[in-house]
């Protein structure tokens, strides 16, 4: 059994060699996770696609197993966390996704473009005259968190507290004693926010969801609070990492930065390549087999947890030519960074739009941007769910 140390800074800095080894010798391999749970890691592309769509691998059962093994979750907290669409199977998943999908259509997302551009430019205006800054703290984080807060109707003044809770929660068991207070505080915040919006509804997604629930469309209070939790975290964490990881990839080899600056038409394919090469989500949330099955030659028993390593699948050289090379002009790029199947990320169009605007504005305003520390000294966030930087110190001038 393999034990991958997701808390080891050396592994976090570059997990790709370990994943490449597993793809070669044991593509579906049993491992012990940081929480102590034993699970099958799926590391190859084709196996990953199969696992992400196999109805015998349940998300609802997986979350129930995870909750029962995590002593930090009280019953009231579990209600806030466990009734969203990412922890549901059909038909519940179908119903929950339908309730929010209208807010994330391509047309609705494109209508947000002027506001996203305004937020981006305001953030860059605030950096005028500044020589050195943390690009995560000053740009990659505040851009998507302001967008999702405005979309949902969450006060922007609360974003710093929310950022702290979110970072602790997504790190999971590696957050230690900080996990339970963070989950408790965020749960209380969401419930208070729902009460406030009921009293003073607005023209926002949160008020709309409350209206749907109160109109009797079978959206329970637990489902409502869980949905808000999911949209708040998923609505910004992925994009923070997409912008941060992409900027890091360009700046550690400034030939890539100059290449993209000289040809802005590459932006759409470049963003897709950032998603493939150093994606913002390392592993999909785990599933549990509801019956015995065979995956990648491994025999998985009923009740076994399964985790799809998206970061590894996207570097599979049997699917991607020159998989270990960052190619900004890669056009055939069916990566799995946003998942696959019925749980494909609902916010993918929004993340793509935010990233394209972010890089377009950043390249135009700061063509001389460069790292303020050696590339090997940047620190990656702990945890096995997300793949992102803690900080990205840069020189702006």
Looking at residue 345 and the list (1) surrounded by fewer than 20 Cβ atoms within 10 Å (Cβ to Cβ); (2) more than 27 Å from residue 145 (Cα to Cα); (3) touching a residue at least 24 places away in the same chain (Cβ under 8 Å), which single condition is not satisfied?
(2)
For segment 6-28, give me each residue that is more than 19 Å from residue 279 (Cβ to Cβ), surrounded by fewer than 20 Cβ atoms within 10 Å (Cβ to Cβ) and either in contact (Cβ under 8 Å) with a residue 24 or more places away in the chain or under 21 Å from the mean Cα position of the chain (by Cα) (or both).
7, 8, 9, 26
Given the conditions (1) under 20 Å from residue 22 (Cα atoms); (2) surrounded by fewer than 20 Cβ atoms within 10 Å (Cβ to Cβ); (3) in contact (Cβ under 8 Å) with a residue 40 or more places away in the chain, which single one is not true for residue 291?
(1)
Complete set of residues in segment 345-379 that are closer than 21 Å to residue 314 by Cβ and either touching a strand residue (DSSP E or B) at 6+ places or on another chain (Cβ under 6 Å) or in a loop (DSSP other than H, G, I, E, B) (or both):
345, 346, 347, 378
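To keep it simple, each residue is scored yes or no on (1) crowded, with 18+ Cβ neighbours inside 10 Å; (2) closer than 24 Å to residue 6 by Cα; (3) within 18 Å of the chain's Cα centre (by Cα).
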| position | (1), (2), (3) |
| --- | --- |
| 324 | no, yes, no |
| 334 | no, no, yes |
| 367 | no, no, no |
| 374 | no, yes, no |
| 395 | no, no, no |
Quick one: residue 188 ticks every box in (1) assigned to a helix (DSSP H, G or I); (2) modelled with pLDDT under 90; (3) surrounded by 14 or more Cβ atoms within 10 Å (Cβ to Cβ) except a single one, so which number is it?
(3)
Scanning segment 23-47 for residues that are over 15 Å from residue 294 (Cβ atoms), at pLDDT 95 or above and in contact with a strand residue (DSSP E or B) (Cβ under 7 Å, 6 or more places away or on another chain) gives 41, 43
Flag for residue 234 being in contact (Cβ under 8 Å) with a residue 12 or more places away in the chain, surrounded by 19 or more Cβ atoms within 10 Å (Cβ to Cβ) and under 30 Å from residue 30 (Cα atoms):
yes
Scan (1) assigned to a loop (DSSP other than H, G, I, E, B); (2) surrounded by fewer than 20 Cβ atoms within 10 Å (Cβ to Cβ); (3) at pLDDT 95 or above for the single condition residue 268 breaks and write down its number.
(1)
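The values are calculated or read from the model by the stated rules, or taken from the named source; none is laboratory data. Just so you know, these numbers come straight off a predicted model, no measurement behind them. Backbone-built Cβ (ideal geometry, glycine too); neighbour counts: all protein chains shown.
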